[in-house]
Structures are given as C-alpha cells and as structure tokens.
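The values are calculated or read from the model by the stated rules, or taken from the named source; none is laboratory data. For clarity, every value in this text was computed on a predicted model and none was experimentally measured. No Cβ is skipped: glycine too gets one built from the backbone with ideal geometry, and neighbour counts run over all protein chains shown.
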Amino acid sequence: MVARGLLTFKTTPSIAATGVTAGPLEKKSLFAEKFDKVYEDERCGMKTNEHAHAKMMEDACMIALSKVDSVPSDADFLLIGDLINQMTPSNFAAKTVGIPYIGLFSACATSVSSLLMAALLTEIGMSKCAIAGASSQHNAVERQFRYPNEYGGQKPDTAQWTVTAAGVAAVTPHKKGFPSIECGTIGCVIDLGMTDPLNMGAAMAPAAADTLIRHLTGHNKDVKDYDVIMTGDLGKTGFELYKILAGNQGIVVTKKFRDAGEEFYGADAAFLSGASGAGCSAAIFLTEVIDKMRAGDYKRVLLIATGALLSPLSFQQGDTIPCIAHAIELTMK
Amino acid sequence: MDEKKYAKLEKDTSPKTPLMRNMIFAFLTGGTICLVGQFVSLFYMTYFDFTERTASNPTVATMIFFAMLLTGFGLYKKIGQFGGAGSAVPITGFGNAVISAAIEHKSEGYVLGVGGNMFKLAGSVILFGVFSAFVVALIKTILVKLGVVSW
C-alpha cells in the first residue's frame with residue numbers, strides 16, 4: 001500500500017524553543033501562566049486590531065528566537081499563517097522580522113501544517129532554524145467571519161470563542177533533550193455536510209477522526225503508544241463527536257484524549273463550547289504539551305490540529321463547511 | 001459515515017437550544033426595554049408639549065441614544081447574549097446593529113468605513129421594513145376605497 005500523506009522524519013528535527021503571546025482576556029485561560037507574554041490591551045498598543053494581530057506574531061517570533069540565542073538574521077525560514085483575508089497579519093509580521101517567508105493557510109490547522117513544513121525543510125538539510133506557527137486575534141477574526149464585535153446577537157452553546165494568541169516554534173536539526181518531530185500525517189479535506197458556522201466543532205470532528213485513524217494505521221501505531229492525543233480546537237461539542245466517531249472506528253477512547261479548545265478557558269460558561277482559532281492550538285501545543293515533554297511527563301504525543309476551511313462568502317452562498325486536520329507526532333528521548 | 005447519519009449524530013450530541021429559557025429571558029429583556037421606553041414617552045408627555053402620538057419620535061431617538069451608550073461601553077452584546085430576541089427586536093437592537101457596524105469600520109475611515117458599512121446589518125431591516133410598510137399601506141388604501149374600513 002502506498003502510504004498517502006504520511007511523513008516520517010529520519011533525522012527527527014527538534015523544537016528547540018517556543019514563543020507564545022496572548023491577549024488580555026487569555027489571562028482567564030488555565031494555561032495563562034505558561035504564555036511568554038500577555039498583553040494588557042487587546043490591541044497591543046497598536047491602532048487597529050489587524051496591526052495588533054501582526055504585532056503578537058512578531059513578538060512571538062522574537063521570543064522564540066531569543067530563546068535559542070538567535071536574531072532574525074540567523075533564521076532560515078518563516079512559515080506562519082492566520083485566518084485573516086490574504087493573511088495580512090502574517091505578511092506584515094514577516095515584513096518586520098525579515099526572515100525568508102512563506103505564508104501557510106490551513107485555517108486553524110496551520111499550527112501543525114507549519115511545523116510539518118519546517119520539519120521537512122530541516123530534514124532535507126535546507127534549514128538550520130525555521131520559525132513555524134500560527135496566530136489569531138479575536139476582534140479581527142470575529143469581524144471578518146461573523147458580526148461587528150459590539151453587535152448584540154445571541155450565540156448558541158455550540159459556538160466557540162476565537163482566542164487572541166500567537167504561537168511559534170523554532171525548529172532545528174535534532175537536539176538532545178528537546179521534543180523531536182518523528183512523523184506526521186497530512187489530512188484530507190473532509191465535509192460531512194455541516195453548514196452552521198456557529199457549530200464548527202461538529203464540522204471539524206470528522207476530519208480529526210479521519211486523520212487520527214489514518215495516522216494510527218499508516219504509521220502502525222496504537223493509542224497505547226501515546227501519553228496524550230490532543231486535538232486543536234474542537235470545543236466541547238466537537239470533542240464529544242470526535243470521540244464517538246473514533247470509538248465507532250474501533251479506537252479505545254481514554255483520558256489520553258484531550259482537546260486544546262475545550263480546555264483553554266476551563267469550564268467558564270461564558271465561552272460556550274470553548275476556544276477556537278489558529279492561535280488556540282498553537283498556544284496550547286507549544287506551552288502545555290512542550291513543557292510537559294521537556295519535564296519528562298510526556299514521552300510521545302500526537303497533536304492533531306483541526307481547521308474549518310470556510311469563508312463568509314462560501315457560507316452565505318449556502319456551501320457546507322469543508323474541514324481539515326493535520327497530525328504531528330513528537331517524541332522526547 | 002454518510003452525511004445523514006452524521007447529521008443525526010450531531011443533532012443527538014450537540015446541546016439543545018434551551019427554548020423555554022431563551023423565551024423567558026427574551027420576554028424579561030424585551031419587556032424591560034419597552035418599560036423604559038414607556039417611561040421616556042411619559043416623560044416627554046408630562047414635561048414637554050407632546051401627545052401620545054407625537055412623543056414616539058423623541059422616545060425612539062432617546063432609546064437609540066441609550067443603545068449607543070450601551071454598545072459603546074461594550075454592554076449591549078452582553079445584554080444580547082442574555083436577552084436574545086428580547087434585545088434584538090426593539091428599536092435598541094436596530095440601533096445596536098447600526099452603531100456596532102459604525103464602530104467596527106471606523107478603522108477604514110469615515111467615508112468608505114463608517115459611511116459605507118454602517119447599514120451593513122441594519123440595511124436589510126430598513127429595506128424590508130419600508131417594503132412591508134408599503135404593502136400594508138396599499139392593502140389598507142384598497143380596503144378604505146372599498147368602504148370596508150375607514151382611516
């Protein structure tokens with residue numbers, strides 16, 4: 001059988017450092033203490049939300065670089081993305097940091113797709129240090145995909161809250177004592193006909209389940225092999241559906257299954273189904289998971305970032321919501 | 001899994017819309033807004049030279065002013081999440097739709113931003129409101145001409 005969409009990294013590139021920045025509301029996150037920088041102002045002192053979005057990304061990149069004692073001119077590639085039209089926040093951040101750049105879009109799954117691309121460039125020996133990651137800014141995303149921020153529409157319990165956060169990783173050739181990228185799986189676009197943009201978890205759950213199963217069968221792995229299998233931003237609703245779908249396929253769903261979106265804000269009912277956004281999975285994967293790996297709590301983890309590939313236009317024209325999930329497997333030896 | 005099966009699973013798993021709770025909250029919120037409106041109306045009738053009919057214009061303007069303040073201070077969206085239709089249907093909801101869009105698009109300038117987008121949400125309310133008023137007026141005119149009702 002041809003292993004479609006499967007990636008194996010013989011040189012096991014490492015995540016040598018991470019940089020995570022977040023907005024003021026994200027202080028409510030259970031993981032807030034782990035973020036490198038939390039701004040006091042939603043606009044990070046900038047004039048517009050979009051500039052704040054770019055600033056968060058810039059700062060995250062600079063933090064990650066400083067942790068590996070580097071400056072932007074030491075980095076070979078910048079592989080980042082966000083959810084805003086034409087990815088201007090990432091483009092503008094790339095302008096400031098000045099690292100050779102490719103913008104990547106996999107919606108909220110960009111956190112993992114960028115890591116995979118960075119690992120590939122490292123694997124073929126073209127990169128000594130690649131910065132990969134994703135970001136989202138609540139106000140900027142909300143106004144593009146939904147309504148003006150101050151509009152008083154009622155959201156259902158299935159709706160998720162786009163986080164204001166940016167998370168990047170510095171991917172380097174294998175370094176002892178750092179989490180290493182062993183393999184990954186590129187997702188297929190899955191669409192089971194969901195149309196409600198206020199229930200993205202339900203739209204993304206089938207994509208997450210599909211990638212999980214393809215990763216396990218393709219790489220010949222079992223749930224038992226992992227210390228944690230974390231999805232990106234399915235939220236409470238989507239996470240339940242994902243566990244049912246995985247269970248239906250014969251996967252034993254245990255407490256190892258976690259979802260960054262569900263856990264991000266804890267049990268706070270104000271955030272309805274939980275967190276979402278490209279920054280959600282990036283921030284949690286690169287703090288909570290990486291920290292626990294470096295502390296030795298986790299030896300092998302599977303991270304599955306999920307993304308809904310819709311636009312406000314496609315939704316208004318009555319299209320269903322196609323979704324994608326990319327998986328990356330990290331080990332600590 | 002096919003789409004139909006998944007739609008059923010999604011329906012069974014996702015939290016149900018709490019209809020009863022939403023209706024009660026909408027009733028309370030909408031009722032409170034209308035009660036305030038009634039007081040404003042009475043105020044104009046008592047202290048100024050307005051009749052019940054003519055007081056409606058300054059009352060509407062005052063209610064929209066309140067909605068503007070609440071929207072600007074970030075409170076109307078909280079009322080909206082709690083009150084649902086109760087805060088969307090009264091004139092304050094219309095005001096909120098206009099004002100929130102105006103605030104949001106200020107970053108693109110006054111002409112193309114605020115001016116061009118202010119009625120993005122409320123535009124359809126105006127269009128279909130005016131159109132339905134026209135249809136109702138047409139029906140009534142015909143009925144008056146036929147002698148069924150009088151003005």
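The set of residues in region B:60-105 being hydroxyl-bearing (Ser, Thr, Tyr) and surrounded by fewer than 22 Cβ atoms within 10 Å (Cβ to Cβ) consists of B:Thr62 alone. Of the residues making up region B:41-75, those that are β-branched (Val, Ile, Thr) and facing chain A (nearest Cβ under 8 Å) number 1. Just one of (1) within 14 Å of chain B (Cβ to nearest Cβ); (2) in contact (Cβ under 8 Å) with a residue 40 or more places away in the chain; (3) small (Gly, Ala, Ser); (4) farther than 21 Å from B:Asp12 by Cβ fails for A:Gly274. It is (4). Here B:Asp49 clears all of (1) surrounded by 16 or more Cβ atoms within 10 Å (Cβ to Cβ); (2) more than 30 Å from A:Gly238 (Cα to Cα); (3) at pLDDT below 95 except the condition numbered (1). Put simply, of A:Gly184, A:Gly193, A:Gly247, A:Gly235 the only residue that is within 13 Å of chain B (Cβ to nearest Cβ), buried (at least 23 other Cβ atoms within 10 Å of the Cβ) and among the small types (Gly, Ala, Ser) is A:Gly235. Name the residues in region B:76-118 that are closer than 16 Å to A:Gly153 by Cα, more than 9 Å from every other protein chain (Cβ to nearest Cβ) and out of contact with any Phe, Trp or Tyr (no Cβ under 9 Å at 6 or more places or on another chain), would you? Matches in region B:76-118: B:Val89, B:Pro90, B:Ile91, B:Phe94. Selection of region A:274-313 for residues being of a type in the set (Gly, Ala, Ser) and either farther than 16 Å from A:Asp259 by Cβ or touching a His at 6+ places or on another chain (Cβ under 7 Å) (or both) yields A:Ala295, A:Gly296, A:Ala305, A:Ser311.
Just one of the listed residues (A:Ala54, A:Ala17) is assigned to a helix (DSSP H, G or I) and touching a residue at least 24 places away in the same chain (Cβ under 8 Å), namely A:Ala54.
Would it be correct to say that B:Gln38 is polar (S, T, N, Q) and more than 11 Å from every other protein chain (Cβ to nearest Cβ)? Considered against the rule, which asks whether it is polar (S, T, N, Q) and more than 11 Å from every other protein chain (Cβ to nearest Cβ), B:Gln38 comes out as yes.
To keep it simple, each residue is scored yes or no on (1) in the same structural domain as A:Ile124 (by TED's automatic domain parsing); (2) closer than 30 Å to A:Tyr101 by Cα.
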residue: A:Tyr151; (1), (2): yes, no
residue: A:Lys155; (1), (2): yes, no
residue: A:Ala159; (1), (2): yes, no
residue: A:Thr164; (1), (2): yes, yes
residue: A:Gly187; (1), (2): no, yes
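Tell me whether region A:148-162 contains one or more residues that are buried (at least 24 other Cβ atoms within 10 Å of the Cβ) and farther than 30 Å from B:Gln81 by Cβ. No: region A:148-162 contains no residue that is buried (at least 24 other Cβ atoms within 10 Å of the Cβ) and farther than 30 Å from B:Gln81 by Cβ.
Only one entry in A:Asp210, A:Asp233 is out of contact with any Asp or Glu (no Cβ under 6 Å at 6 or more places or on another chain), closer than 16 Å to A:Ile328 by Cβ and in a helix (DSSP H, G or I), namely A:Asp210.
What do you reckon, is A:Gly201 within 12 Å of chain B (Cβ to nearest Cβ) and over 22 Å from A:Thr8 (Cβ atoms)?
Taking the combined requirement at face value, the residue satisfies it.
A single member of A:Glu142, A:Glu50, A:Glu150 is touching a Lys or Arg at 6+ places or on another chain (Cβ under 6 Å) and within 30 Å of B:Glu104 (Cα to Cα), and it is A:Glu150. Within region A:250-279, the only residue that satisfies the criterion of being under 19 Å from the mean Cα position of the chain (by Cα), surrounded by fewer than 21 Cβ atoms within 10 Å (Cβ to Cβ) and on the phi > 0 side of the Ramachandran plot is A:Gly266. A Cβ distance below 6 Å, combined with a sequence gap of six or more or placement on separate chains, defines the contacts here; from region B:117-131, residues that are closer than 7 Å to B:Ala101 by Cβ reach residues that are surrounded by 14 or more Cβ atoms within 10 Å (Cβ to Cβ) in the pairs B:Asn117/B:Ala101; B:Asn117/B:His105; B:Met118/B:Val98; B:Met118/B:Ala101; B:Met118/B:Ala102; B:Lys120/B:Ala101; B:Leu121/B:Ala97; B:Leu121/B:Ala101. A:Ala305 passes every criterion in (1) within 21 Å of A:Leu192 (Cα to Cα); (2) among the small types (Gly, Ala, Ser); (3) free of Cβ contacts under 8 Å to residues at least 60 places away in the same chain apart from (3). From the list A:Asp69, A:Asp59, the lone residue that is of a type in the set (Asp, Glu) and under 19 Å from A:Asn139 (Cβ atoms) is A:Asp59.
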